[in-house]
Amino acid sequence: MSERMHEQQLRVPAGSTVADLSKAPLPTESTLRKRMSLPLQVIRFFVFNARIMRMVLKGHSQDH
Amino acid sequence: MADVVVLGAGVSGHTAALHLSRLLPPGNTVTVVSPNSQWNWIPSNIWVGVGKMAKKQVVFPLAPVYRKRGIRFVQAKATAIRPRGDETSERPAVDVEYTAPDKARQTERIRYDYLVNATGPQLRFHATPGLGPDGGHTVSVCTADHAVEAAAALRDTIERLKAGQSQTLVVGMGHGTCTCEGAAFEYVFNVDHELREAGVRDRARLVFLTNEAELGDFGVDGMVFEERGFQTTSELWAGSLFRERDVQAILGAHVSRVEPGVVHYETLDGASHTLDFDFAMLLPPFGGVQLKAFDRDGADITEHLFAPSGFMKVDADYTPKPYDEWRAEDWPKTYQAVGYDNIWAVGIAFAPPHQISRPRKSANGTVIAPSPPRTGMPSGVMGKVAAMSIADRIKHGTSAPNHEASMAAMGAACVASVGEGLRTGSAAAMTMMPVVPDYQRFPTGRDLADTRGEVGLAGHWVKLMLHYLFLYKAKALPGWQLIPE
C-alpha cells in the first residue's frame with residue numbers, strides 16, 4: 001500500500017460513504033512533467049482551440 | 001417596425017440583445033429587462049470564490065454597453081407575460097417591476113412584437129433547509145457577491161488550518177437534482193490548490209459531495225474518450241484526478257438539510273448519513289424564475305407556457321418516456337415557445353425535454369440525478385439563433401424559417417482550472433460533441449474526434465483566454481461579433 005493511499009484511508013471515517021478510488025490510475029512522473037512542459041503545452045493549446053473552432057463550425061449553425 | 005424585448009442579460013439574453021442591435025434595421029427597437037445592473041462572466045466566479053480574482057474583474061455595468069448599442073435597458077424583473085395583450089390592447093406585453101434603486105418597486109407594462117425569454121435560473125436554495133449564504137450555513141459561487149463571501153470563508157478556514165486545527169471542507173451539490181457539477185468540480189480543485197499553496201493541505205480533509213452516481217458524469221451521462229488506441233471514460237479520467245489530488249468523493253447523494261457544521265444527505269441505497277464540515281460550498285438546484293402568464297381576459301395561462309419547473313416550454317418533445325427511448329430529436333431546435341411564434345426561450349430559461357444523465361431514484365423514491373447543464377457555449381448560440389430568427393422575420397416577413405441549434409448537434413467545452421499561474425497553472429479541459437448524446441449517430445453517443453479530456457497547463461491558458469475574450473465580446477468592443485459564442 002502506498003503512503004498516499006494509507007494516509008487517505010486514515011482520514012476517511014469508519015462507515016463512510018466515500019467512493020473507493022484506489023483503482024483509479026495515477027499519472028506517472030512522465031505524464032506530470034508533460035502536463036507542465038511549455039513546448040508541449042503550447043502545442044496542446046493550439047490543438048484545443050482548433051478543436052473548439054471545428055465544433056463551432058460543425059454545430060453552431062444547423063440551418064438547412 | 002417592431003419592438004423586441006429580451007428578458008435577462010446573462011450569457012444568452014445579452015448575446016441575443018447584442019446580435020439584435022447588429023441585425024435589425026433602424027427604426028426597430030431592442031429593450032433588455034434585467035434585475036441586475038451588471039453583467040457577470042460566471043465561469044470566473046470560481047476564481048473570485050478562492051480569492052484569486054476580485055469581483056470587479058468578472059463584472060461590468062450593462063447600461064453603458066446598451067447605450068452604445070442603441071438598446072433600451074430597463075433594470076427590472078419581469079413578473080408576467082401577456083402574450084395576447086390585455087383588455088386595452090391586442091399587442092402582447094410583459095409586466096416588469098423595477099429593481100433600480102431610483103425606481104424600486106415601480107411597475108410598467110412593456111409592449112412587444114417579439115420576446116426572448118432568457119431569464120436564467122432561480123437559485124432555489126430554499127429547496128434544501130439550511131442551504132446557502134442567505135440565512136443558511138453554506139457558501140456559494142453562483143453570483144459574484146456569493147463568490148466574494150465564499151473566498152472570505154475559505155480564507156478563515158485556511159487561517160484555522162495554519163493555526164494547527166484540522167478542518168473538513170465540503171464542496172458539491174446541495175440537492176439531488178442540482179446541475180452544474182462541472183462548476184463544483186472546478187471549485188473543489190481550486191480549493192485544493194489554495195490549500196497546497198498555503199502549505200496546509202495535510203491538515204485538511206477535502207470532500208466532493210455530488211448527486212452524480214459516477215464521477216465524471218457532469219450531468220451529461222459521462223463521456224467516452226479515445227486515448228492511445230483505447231476507449232476510456234470520463235469516470236476513470238476524473239477518478240484519476242481525485243485520487244492524485246487526494247479529494248474524497250461521495251457519490252449519488254441528495255442533501256436533505258444543512259445544520260451548522262453538519263450536512264445531512266441520503267444516498268442512492270436509501271440510507272441517511274451526516275457529514276461534519278468546517279467549510280461548505282454547495283450549489284443550489286435551479287428552477288425557472290417565477291413568471292406568470294395571462295390571457296387577454298386575465299385568465300391564468302401559466303401552465304400553457306411553462307413547465308412545472310418554471311422553465312418555458314419550447315419546440316421539444318415533452319412526452320414522458322423511459323431512458324432507453326430518449327432520443328436526440330427530443331431536444332429543441334428553434335427554442336420557439338409552444339403556441340406562440342413570437343416568443344423564444346433560450347439558455348437556462350427553456351424547459352429541457354428530460355435529463356441527459358440516466359435518471360435515478362433512491363430506495364426511498366428520492367430523485368438523485370443531475371439536471372441537464374446549459375453551459376455558456378450552447379446558451380450563447382441559442383441567444384444568437386433566436387436573434388437571427390427574429391431579425392429574419394422582421395426583415396422578410398413572418399414566414400421566414402427559424403434558425404436552428406439543437407444541443408444534440410452542438411458541442412461544448414468545459415474548462416475546469418485546477419491551479420493558477422501562467423507557468424504553474426493547470427486545468428482539466430473537456431470538449432464534447434454533441435452535448436446531448438446521440439446513440440443513433442455515434443456508438444458512444446458522441447463524436448470521438450471532438451470528445452476529449454486532458455489535463456495540463458494549456459487548459460489554464462484556455463480558461464484565461466476565454467475569460468478575457470468573452471468579457472471583450474460582452475462589452476461589444478470592436479470586432480465583438482467575430483468572436484464565436
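So the values come out like this:
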| quantity | calculated |
| --- | --- |
| Residue list for segment B:448-470, restricted to those being out of contact with any Asp or Glu (no Cβ under 9 Å at 6 or more places or on another chain) and surrounded by fewer than 18 Cβ atoms within 10 Å (Cβ to Cβ) | B:M465, B:Y468, B:L469 |
| B:A144 vs. criteria closer than 30 Å to B:G411 by Cβ and buried (at least 21 other Cβ atoms within 10 Å of the Cβ) | yes |
| Test result for B:T431, over 30 Å from B:P64 (Cβ atoms), surrounded by 19 or more Cβ atoms within 10 Å (Cβ to Cβ) and hydroxyl-bearing (S, T, Y) | yes |
| Residue satisfying all of: in segment B:430-473; in a helix (DSSP H, G or I), more than 16 Å from A:R54 (Cβ to Cβ) and aliphatic (A, V, I, L, M); farthest from the other protein chains (Cβ to nearest Cβ) among these | B:L471 |
| Candidates B:A337, B:A405 - the one that is within 14 Å of another protein chain (Cβ to nearest Cβ), buried (at least 24 other Cβ atoms within 10 Å of the Cβ) and aliphatic (A, V, I, L, M) | B:A405 |
| Segment B:248-260: number of residues that are more than 9 Å from every other protein chain (Cβ to nearest Cβ) and surrounded by fewer than 22 Cβ atoms within 10 Å (Cβ to Cβ) | 4 |
| Odd one out for B:G182 among (1) free of Cβ contacts under 8 Å to residues at least 40 places away in the same chain; (2) under 29 Å from B:A412 (Cβ atoms) | (1) |
| Within segment B:1-72, strands (runs of 3 or more DSSP E) holding 2 or more residues that are within 17 Å of the chain's Cα centre (by Cα) and modelled with pLDDT under 95 | none |
| Where B:M388 falls short, out of the listed (1) within 14 Å of chain A (Cβ to nearest Cβ); (2) free of Cβ contacts under 8 Å to residues at least 12 places away in the same chain | (2) |
| Residue in segment B:154-188 that is farthest from the chain's Cα centre (by Cα), counting only those that are assigned to a helix (DSSP H, G or I) and closer than 30 Å to B:S309 by Cβ | B:V188 |
| B:K321 vs. criteria more than 23 Å from the chain's Cα centre (by Cα) and either away from every other protein chain (no Cβ under 14 Å) or under 30 Å from B:S89 (Cα atoms) (or both) | yes |
| Hey, B:P373 assigned to a loop (DSSP other than H, G, I, E, B), of a type outside the set (K, R), within 14 Å of chain A (Cβ to nearest Cβ) and under 25 Å from A:L57 (Cα atoms) or not | no |
| B:H273 vs. criteria within 12 Å of chain A (Cβ to nearest Cβ) and farther than 15 Å from B:E181 by Cα | yes |
| Sole residue being among the hydrophobic types (A, V, I, L, M, F, W, C) and within 13 Å of chain A (Cβ to nearest Cβ), chosen from B:A476, B:A427 | B:A427 |
| Residues of segment B:202-232 classified as in contact (Cβ under 8 Å) with a residue 12 or more places away in the chain and within 11 Å of chain A (Cβ to nearest Cβ), total | 13 |
| A:G15 being at pLDDT below 95, under 21 Å from B:V207 (Cα atoms) and facing another protein chain (nearest Cβ under 9 Å) | yes |
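Residue by residue, here is whether (1) on the phi < 0 side of the Ramachandran plot; (2) surrounded by 18 or more Cβ atoms within 10 Å (Cβ to Cβ); (3) not hydrophobic (A, V, I, L, M, F, W, C) holds:
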site: B:D276; (1), (2), (3): yes, no, yes
site: B:F286; (1), (2), (3): yes, yes, no
site: B:L291; (1), (2), (3): yes, yes, no
site: B:L305; (1), (2), (3): yes, yes, no
site: B:G310; (1), (2), (3): no, yes, yes
site: B:K313; (1), (2), (3): yes, yes, yes
site: B:W331; (1), (2), (3): yes, yes, no
site: B:P372; (1), (2), (3): yes, yes, yes
site: B:V381; (1), (2), (3): yes, yes, no
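The values are calculated or read from the model by the stated rules, or taken from the named source; none is laboratory data. The model shown is predicted, which means the values in this text are computed figures rather than measured ones. Glycine also receives a Cβ, built like all others from the backbone with ideal geometry; neighbour counts cover every protein chain displayed.
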